[in-house]
Every structure is written in structure tokens, then in C-alpha cells.
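The structure under discussion appears below in the form of C-alpha cells.
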Amino acid sequence: MKLTHLTIENFLGARAVDLDLAAEPVHLFCGLNGAGKSSIQEAVRVALTGEAVRVALKKEYGRLLTEGAEGGFIEVQADGESSVVTLPSGKGSGPVERPAALPYVLAAQRFARMDANERRAFLFGLMGLTADGPAVREKLAARGADAARIQAIGPLLRAGFDAAAEEAKNRARDAKAAWRAVTGETYGAKKAEGWKAAQPAEAGADTQALQAELDELDAKLASHNRELGALQAAEQARVNARSQVEALREKAGKHARIAEKLKRDQAELADWEAAVAAATAMAGNGPRVGLLHDAIAALDEVVVFAPDDKTVNAEAVLKAYEREYGPVGSSGDPKAAEALPEYVKARDLMARAVENGKRDLAEADAAANQLAAISLDKSDDDSTKLDMLRDLVVELQTQQRDLRAKIQAAKAAESARAQADEKTAKAAQHHADVAGWDLIAEQLAPGGIPGELLVEALGPLNARLASSAREAEWLKAEVHADMPITGGGRRYELLSESEQWRVDAMLAEAVSHLSGLRLLVLDRFDVLDLRGRGDLLAWLDGLTEDGSIETALLFGTLKAAPAAGTGLAVHWVERGVVGGLKVAA
């Protein structure tokens, strides 16, 4: 990546920067502490990666403005494209896709600050190695992983080895829990191998033979129950008949008395009917006085229509009146008219008495007929046969219960055997799942397939680091399979500050080289002594000559600007402004 122009206004300590970077490949920005050098370096990073610097959110970008400024912007031109960020909004424009390795060449210390998993994932991406590639699936199959499980874990491989390995561990843990649920025991690989559920102590009886015997017994019992039902019905009929005899005799014995009373009631009813007729005739010739007669007289003057069943018909009311009192408006005997209602009441009462007498007489006749029909012949008594049959049914029912209990026990034994076989099969399947997922988890762990692939990825990286160490005459840096970084054989965290800086610089260059970015940004180069700075410039000179680096930006605190060299531009930074440009003659 060749940077051709840099423009910065009011970004942190960088107040005004407008530089053409195309003339030389290496640019050294120097000045006193607080001059604004790091602000320039961070501005390049913000513009090229879109990563916030010193703030967490874009809405906080206003805090990145130079004190007192109301607005600012950054523009970096590279490879014919511009990356721009405006302040305080934080809005930017530039290439839609930015290389994943770019942040690691803009901040050399970034690689060393990653943990082992992050470092491993980054190197896989850098070398174009993917967890979901065919090579990984083939390696899993070659190590005995089941094809179905490889297919199941496939989607997780896209998220990386760690995610897929964790999923495999989770599935193995779930399979162990399922094994415990089936067996009721704590899972153990040796225990689970060949585990079998306990079978019933005794073999069950022949269920089919017992069921055939029960069916035969059920048929026999059903036949005897039908015969028993018929005998019981006949016996009950006799019992009912005996219980009815006394009541029927009592009711039939009242026949003569009921007939005599009915005869008297009929005679008295005839007398009252004659009295009502006589009183009616006498009342018809006398005057009618009272509310009832007045209402009827008024009703006689009204024409009433009866369109439906809900309306009272006046004509019907008048006819009923005339039957009792004669024509409306006629006059008669007042005393007869006054007595007539009582006569009618007495006649109706007697008519009901006659009806009741007729009913009672009919019931007495019926009781007599029932008595004649009832047979109490002792020859029909089947009590002995009934008792024998009842005992037989009880015995058969006992046999029936015993057979059903035996069948139930036999079925329970069969079910227990089937359940034991099923538990054994399920336990074996869960154990196979545990072993299968454990295998995949082990192979996807850092020491498995990722480690093998990582060795392939580390080869080019470490080769580049060794080449840089030779060219710069620095200690040899190396990244190991389990991801620690060493310099000169010592772990990174045990190195001095200047040694760590050299290792970071070589790592950033290796990333730049392997990713094809050909860009390098190194801050705080002043941590090196004079010899170390000379080694750095000589190394960069060789990298720019062979085309490994197109642009390199160096930042450091110096008391004065050093002399420029071939391919090196020196920029003095003071109070956020870049001063004169020094280049080699």
C-alpha cells in the first residue's frame, strides 16, 4: 500500500499537516515530547481502519478535536483512493473493504498484545487457512470421526476452531448427561464401555398361553352369568309378586265399599244438577245486580275481534254467562240468582267425587285381576340351583382374577426385559456419542488439527522473521506452535523494552509482507539507541529497494531532526504543525 498524501486538521495534537508522501518511501516524523507526532500516527490509523482512537464511540469523536477547534478532518490518499474522516461527527468515507491485517501494520505492538487464541485465529486468516476447509474435514475423517458428526459440526467450523471445539465439548457433555439419565450412574469411559442394564431375576410366563386360557374362562363365565341372570330375574319376579299380594288383597277388598259410595255420590250429583237447573231458571226472570252483571252488560255493547289466540273472545264470555244466568239484561228471582253460585259449586264438587269414585273402583277391579294372575306355586322355586350357580360364578371369577394377575406379571416381566434392552441400547449410543464428540473436540483443540495447520502457517512467518533478523542484525524473533513469542530464545515478556520494540517491528513487517500490504508504521523508534536506529534505517532501505515496503512511517521523540538519507524524508513536528521537509541531496 503506497501512501501518497496526508492531510490533517485539528486532530488531537496535530493542528495542520499537509504532506506529499509519494516522493520517498520512508518518512520519519520527529520532534520534542508533545509535539503531535503520535497524533499524526493515530490520525493515519483512524482514516485507514475506521477504528476509534482514545474514545470508545463515534459520538465521542468531538473529544478528538484540537482544543478550541470546532471542526477538523483527516484525509489519507493511498493507491489512488482517499480515506476521509470528519470531526466532530466521526463520519468517514473510503474503501468498502479494508484488509484484516491492516491494523497490525499500523500498530506494531498489536500482535504481541493478543492472547494465544486471538493470535492463532489471526494467523489462520493471514495465511488463508480456514477451519471449515476440505482439509480439516478430511483430517477429521482420517482420525476416525463419524461422517454425520463432521457434517453436524460443519457450520460451527465457519466460526473457527475454538467455536467448533467448544460445541463438540458441549455435545460430549450433553451425551454424558444423557448416559447418566438412562443408567442412573456417573459416567466413566471404562464403565460405559459394555454397560448393560440389569434383566429381571425370573423369566416371565408364556403370555399367549395364559391369554388363551383367560379367553376360554371368560367365555364360560359369560355363559354362566347369562344363566344366572335369567334365574335371578325369575326369583326376583316371585319375590316381587309375594310382596304385592297383601297390597292387592287390601285394594281389591275395598271394591264393595267403593261401589256403594259411588252409587250414593252419583245420586247426590243428580240432585245438585237438578237444583242448579231450577235455580238457573228462576234466576233468569229476576233483576241482575252487582259488578259481574254490570261488566257483562258493558261487554255486550263491545264488539271484540280475536285475530290470534292471545285475545279473549267476547262472544265466548257472553255465552258462558248466559249458561249460568240466562240472557244478558233479563230479570228474574233475586234470591235464586244469589243462591245459584253455591249450587254450582256444590254440583262441581260432587262431580269430582263421582270421578274419583270411578277411578278407585277401576283400581280395585285391576287389583283383583292381578291377584288372579299371580302364581305362587312352590314348584317354580329354583333357589337351590341358583345358589349352586352363584358359587360356580364366584369360583370362576376368582380363577379369572388369578389369571389376569399372572398375565399382568408376565407382561411386566416382558416390559422390564424390553426396557432393560432399550436402556442398554440407549446407553451404548450415548457412550458412542461421547467418544465421537470427544474425538472431534480433541482434534479441533489447539494441539490437534489446528496445531498441524498452524505449523504450516508459522513456517512462512518465522522464515520472514529470521530473514529480517539477519538483515537488521537483530535478535531472532519466532512465534511457536502454542503461540508464545520469543526473541533470541527468550519469551517476549522477558525482553527489554528496546528488544520488544525490535520484535514488534519485525512481526509487523512479516504481517505486511505475508498480507501483501507493503506498508509499515512504527511509533516510538526513539527507544532504540543510535546503532539500533541505524540498523532500522538500513533494514527499511533494503525492504524498500526490493519492493517489500512501498511506504514506511516512523515516529519518535528527538531533540533535533537527523540528516536525511537516500529514500528517507525527515519531517520536524512542532506544536502540531509539520515544518520543513528534509530529503537527501
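Just so you know, all these numbers are worked out from the coordinates, no wet-lab data involved. Computed from a prediction, not measured in an experiment: that's the story for all the values here. Glycine gets a Cβ as well: all are built from the backbone with ideal geometry, and neighbour counts include every protein chain shown.
For chymotrypsin sites (Phe, Trp or Tyr not before Pro), no site in segment 19-76 is both called loop by DSSP and has at most 14 other Cβ atoms within 10 Å. Taking amide H as placed 1.01 Å from N in the peptide plane, T4 has its amide H under 5 Å from the amide H of Q77, A78, D79, each at least 5 places away in sequence or on another chain. Per residue of the chain, the DSSP helices (runs of n ≥ 4 H) give a summed -39500 (n - 2.57) that works out to -20000 deg cm²/dmol at 222 nm. Each residue of segment 558-566 was assigned a 3J(HN,Hα) from its phi angle through the Karplus curve 6.51 cos²θ - 1.76 cosθ + 1.60 (θ = phi - 60°); the sequence is 9, 7, 8, 6, x, 6, 6, x, 5 Hz, with glycine and proline shown as x. Residue-wise HN-Hα couplings along segment 448-457, as the Karplus relation 6.51 cos²θ - 1.76 cosθ + 1.60 with θ = phi - 60° gives them from phi, are x, 4, x, x, 5, 5, 5, 4, 5, 6 Hz; Gly and Pro carry x.
When DSSP beta bridges are restricted to pairs lying wholly in the chain, around 65% turn out antiparallel. Derived value for the chain: Kirkwood hydrodynamic radius 37.3 Å. Basis is the mean of 1/r over every pair of different alpha-carbon atoms. When the listed pairs K139/K191; K263/K345; K169/K191; K37/K59; K2/K559; K406/K426 are checked against a 22 Å cut-off, the alpha-carbon distance exceeds it for K139/K191; K37/K59; K2/K559; K406/K426. Remark: spin-label model distance A234-A177 equals 7.3 nm, labels positioned 7 Å along the Cα→Cβ axis.
Only Cα pairs under 8 Å and 6+ residues apart enter the sum, and on that basis the relative contact order of the chain stands at 27 percent.
Our estimate of slack between L386 and R242, defined as 0.36 nm per intervening residue step minus the Cα-Cα distance, is 50.0 nm. Could you let me know the centre-to-centre spacing of segment 466-521 and segment 98-152, using Cα atoms, in angstrom? Their Cα centres are 20 Å away from one another. Relative protection proxy for 5-17, 232-244, 398-410, 500-512, from highest mean packing down: 500-512, 5-17, 398-410, 232-244 (other beta-carbon atoms within 10 angstrom).
Residues E70, E97, arranged from fewest to most other Cβ atoms within 10 angstrom of their Cβ, appear as E97, E70.
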